[in-house]
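One structure below.
The values are calculated or read from the model by the stated rules, or taken from the named source; none is laboratory data. Because the structure is predicted, anything quoted here is derived from the model rather than measured. Please note: Cβ atoms are built from the backbone with ideal geometry, for glycine as well, and neighbour counts cover all protein chains shown. Only protein heavy atoms, including side chains, enter the accessible area calculation; ligands, DNA and RNA are left aside. Shrake-Rupley method; radii C 1.70, N 1.55, O 1.52, S 1.80 Å.
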Amino acid sequence: LERALEWRYVEGDEALVAELLALLQYVDVPQERLFSVYRTYDRLQQASVRGVAPLARARGDGDPVRRIGYLSADFRDHVMGKLMLPVVAAHDRARFEIRAYALAPPENSDAVTAQWKKAVDEFVNLAAQDDRAAAEAIAADDLDLLVDLMGHSSHARPGILRYKPARVVATHLGYHGALGLSQVDWKITDRYADTAASARWQLEALLPLDTCVLPLRRVPGVPDETLSRAALGLPEGAVVFGAFVGVLKLSQRCVGVW
């Protein structure tokens, strides 16, 4: 860990630093050290597009937000795909044009993918295109807002965002850290997931929702005697914490707070 944090990364190491950022989500490192990695990542990404103008057309004063795009490799039977589907389906289609930009190959499609295709105006697969070509395809749609749903999670393509393919770029949900890219304007969050004090440790500005940052689905309860407090040896009046994640995602500090 120390060697990875202290390593002198050079131009061309962007993918390596992105992998480090993904893995650091499983390690409890001080915020200032994590912020240093974000800044390193941004430095390398900006060097890779030195002299390249943003692809998105400038937004005029008073222009309404009309075209919205979502970028992900997980428009499928995946936690992100299932959580965001009802949110996107609820958009006012009389006011907004909605596009989904898929990073996964067509053969990864499933029944949830079919629902996504019905929920948006256009479903575009970018899997076969490199970052520049994918960014150009997105920019050609003249988006007012592009929402990245990947961050540095598996199969993410943050290199697309470095070309600024939409007038406003936000990151949300698929990854609970920041991206570490100057081209990303906002990190969608809430006042519990990110406090005002944490803003200084991220390049993206915080955009807190009034509601929970996680669009949780309603799941009906199922009677099961084996899940009772008594059967599990839990006191009737105790607060019970449940986390449906791999154990690596629970830091010792988090468990200690609980």
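Which condition number does ARG57 fail, the rest of (1) free of Cβ contacts under 8 Å to residues at least 60 places away in the same chain; (2) open to solvent by 70 Å² or more (accessible area, probe 1.4 Å) being met?
(1)
Tell me, please, whether a residue that is open to solvent by less than 80 Å² (accessible area, probe 1.4 Å), in a loop (DSSP other than H, G, I, E, B), modelled with pLDDT under 95 and under 30 Å from LEU250 (Cβ atoms) can be found in the range 15-26.
Within the range 15-26, one or more residues are open to solvent by less than 80 Å² (accessible area, probe 1.4 Å), in a loop (DSSP other than H, G, I, E, B), modelled with pLDDT under 95 and under 30 Å from LEU250 (Cβ atoms).
Here are ALA238, ALA199: which of them is assigned to a helix (DSSP H, G or I) and either of a type in the set (A, V, I, L, M, F, W, C) or surrounded by fewer than 17 Cβ atoms within 10 Å (Cβ to Cβ) (or both)?
ALA199
Just give me the residues in the range 72-99 being more than 14 Å from VAL147 (Cα to Cα) and open to solvent by less than 10 Å² (accessible area, probe 1.4 Å), in sequence order.
Across the range 72-99, there are no qualifying residues.
Determine whether ASP131 is surrounded by fewer than 22 Cβ atoms within 10 Å (Cβ to Cβ) and either in contact (Cβ under 8 Å) with a residue 40 or more places away in the chain or closer than 22 Å to ALA205 by Cα (or both).
It is false that ASP131 is surrounded by fewer than 22 Cβ atoms within 10 Å (Cβ to Cβ) and either in contact (Cβ under 8 Å) with a residue 40 or more places away in the chain or closer than 22 Å to ALA205 by Cα (or both).
What residue, of ASP63, ASP110, is surrounded by fewer than 18 Cβ atoms within 10 Å (Cβ to Cβ), acidic (Asp, Glu) and either modelled with pLDDT under 95 or within 19 Å of the chain's Cα centre (by Cα) (or both)?
Being surrounded by fewer than 18 Cβ atoms within 10 Å (Cβ to Cβ), acidic (Asp, Glu) and either modelled with pLDDT under 95 or within 19 Å of the chain's Cα centre (by Cα) (or both) holds for just one of ASP63, ASP110, which is ASP63.
Just one of ARG253, ARG229, ARG167 is under 30 Å from PRO105 (Cβ atoms) and more than 15 Å from the chain's Cα centre (by Cα); which is it?
Step by step, each of ARG253, ARG229, ARG167 is checked, and only ARG167 is under 30 Å from PRO105 (Cβ atoms) and more than 15 Å from the chain's Cα centre (by Cα).
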